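Asker: Structure below; questions to follow.
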Amino acid sequence: MPAEAHRGQATKAAGAGTTRTSQASSASQASPLTERQEARRRRILHACAQLACRGGFDAVQMREVAESSQVALGTLYRYFPSKIHLLVATMQDQLEHMHGTLRKKPPAGETAAERVAETLLRAFRALQREPQLADAMVRALTFADRSVSPEVDQVSRQTTMIILDAMGLTDPTPDQLSAVRVIEHTWHSALITWLSGRASIAQVRTDIETVCRLMDLTAPEAPRPR
C-alpha cells in the first residue's frame, strides 16, 4: 500500500481518537491504576502486540483489540484514544521489557561507546525477531501528532534510560544528554530505513556503532595535574 494511503489511515485513526477525547490517555496515567485496571491495560497491550505480530500496522484494529483483550470497545478508547496511542504505548512497553532483560545481562564493552552500541544492537535484534510488530510501532511513532506527545515522550524517556544504564551514568552532563538525543534519532532512523528495505543489517550496525562514538567524545575530561 502506498505511504500516502497509510498516512491517511493513521490520520483518521488519530483524529477519531481525538474526538473521543485526546486527554483520555494522559488522564488515565495522571492517577495510579488499580490492580484490576493495570491487568486490563496489560491485556490490551498484549492483544495489540499479538495482532501486530501477525499482520503489522493494518492488522491492529481497535474493535479486534477490544475483542482479543476481552474489554468493551468504549473501555479500550478510555485507555487509548486511537490505535496510534495504543501502538506507541506498546512500543514503550516493549522497550521496558527489553530494558529489564538488558539489566539482567549488562553490556560488556570496555568503553561507553561500545556498551551503548552493544545495547542498541541487542534491542535491534529483538525487534528483528518480530518485524511486523516493529514496523507497526515505528509507523505509529512516525504518524504520531501532538495528541500522542505523552506516549512519545515515554518512549523517548525509556530509550534514554536504556542508553544511560549502558553507560553507567546517573548524572549525565548537558553534552552527554545531547549525544544521547542524537543517538536516539539515529537509532530511530536506522529502524525506519531497515524496515523500508533501504538499509541492510550491516549498514544499521555500522551507523549505530559510528554514532555511539559520540559518547566517548562527550566524556568529561579528567582534571589535569598541576
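Here's the yes/no breakdown for (1) over 26 Å from Ala89 (Cα atoms); (2) under 18 Å from the mean Cα position of the chain (by Cα):
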residue: Ala136; (1), (2): no, yes
residue: Gln158; (1), (2): no, yes
residue: Ala179; (1), (2): no, no
residue: His185; (1), (2): no, yes
residue: Ala202; (1), (2): yes, no
residue: Asp216; (1), (2): yes, no
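Asker: Another question about this same structure. Does region 37-80 hold any residues that are within 23 Å of Arg129 (Cα to Cα) and of a type in the set (D, E, K, R), and which are they?
Answerer: Answer for region 37-80, where residues must be within 23 Å of Arg129 (Cα to Cα) and of a type in the set (D, E, K, R): Arg42, Arg43, Arg54, Asp58.
Asker: A further question on this structure: Going by the structure shown, is Asp135 more than 20 Å from Phe57 (Cα to Cα), modelled with pLDDT of 95 or more and either part of a helix (DSSP H, G or I) or among the basic types (Lys, Arg) (or both)?
Answerer: Details: more than 20 Å from Phe57 (Cα to Cα): no; modelled with pLDDT of 95 or more: yes; either part of a helix (DSSP H, G or I) or among the basic types (Lys, Arg) (or both): yes.
So Asp135 does not fit the description; no.
Asker: Would you mention how many residues in region 104-129 are within 14 Å of His188 (Cα to Cα) and either among the aliphatic types (A, V, I, L, M) or not in a helix (DSSP H, G or I) (or both)?
Answerer: Here the count works out to 5.
Asker: OK, next. Against the definition (at pLDDT 95 or above, buried (at least 16 other Cβ atoms within 10 Å of the Cβ) and in a loop (DSSP other than H, G, I, E, B)), how does Val88 come out, yes or no? Spell out how you get there, then give the answer.
Answerer: Working: at pLDDT 95 or above: yes; buried (at least 16 other Cβ atoms within 10 Å of the Cβ): yes; in a loop (DSSP other than H, G, I, E, B): no.
In short, no.
Asker: Right, here's the next one. Would you confirm, using the coordinates I've provided, whether Asp207 is assigned to a helix (DSSP H, G or I) and either at positive phi or not polar (S, T, N, Q) (or both)? Let's see the steps before the verdict.
Answerer: Values: assigned to a helix (DSSP H, G or I): yes; either at positive phi or not polar (S, T, N, Q) (or both): yes.
Answer is yes for this residue.
Asker: Follow-up. Just give me the residues in region 19-57 being part of a helix (DSSP H, G or I) and at pLDDT below 85, in sequence order.
Answerer: Of region 19-57, the ones part of a helix (DSSP H, G or I) are 19-21, 24-30, 35-55, 57.
Selection gives Thr19, Arg20, Thr21, Ala24, Ser25, Ser26, Ala27, Ser28, Gln29, Ala30.
Asker: Could I ask something else about it? Within the bounds of region 91-103, is there any residue that is assigned to a loop (DSSP other than H, G, I, E, B) and either open to solvent by 60 Å² or more (accessible area, probe 1.4 Å) or at pLDDT 90 or above (or both)?
Answerer: Kept after step one, since they are assigned to a loop (DSSP other than H, G, I, E, B), are these residues of region 91-103: none.
Within region 91-103 (the criterion being assigned to a loop (DSSP other than H, G, I, E, B) and either open to solvent by 60 Å² or more (accessible area, probe 1.4 Å) or at pLDDT 90 or above (or both)), the answer is no, since none of the residues qualifies.
Asker: Sticking with this structure for a sec: Taking only region 138-156 into account, find how many residues are of a type in the set (A, V, I, L, M) and more than 9 Å from the chain's Cα centre (by Cα). Please lay out each step first, then the result.
Answerer: Taking region 138-156 as the starting set, the residues that turn out to be of a type in the set (A, V, I, L, M) are 138, 140-141, 144, 148, 152, 155.
From what is left, the residues that are more than 9 Å from the chain's Cα centre (by Cα) are 140, 144, 148.
Of the residues in region 138-156, 3 are of a type in the set (A, V, I, L, M) and more than 9 Å from the chain's Cα centre (by Cα).
The values are calculated or read from the model by the stated rules, or taken from the named source; none is laboratory data. In this text the structure is predicted, and so the values were computed from the model without any measurement. Note that each Cβ is placed from the backbone with ideal geometry, even for glycine, and that neighbours are counted across all protein chains shown. Heads up: the accessible areas ignore ligands, DNA and RNA and are worked out on the full protein's heavy atoms, side chains in. Shrake-Rupley method; radii C 1.70, N 1.55, O 1.52, S 1.80 Å.
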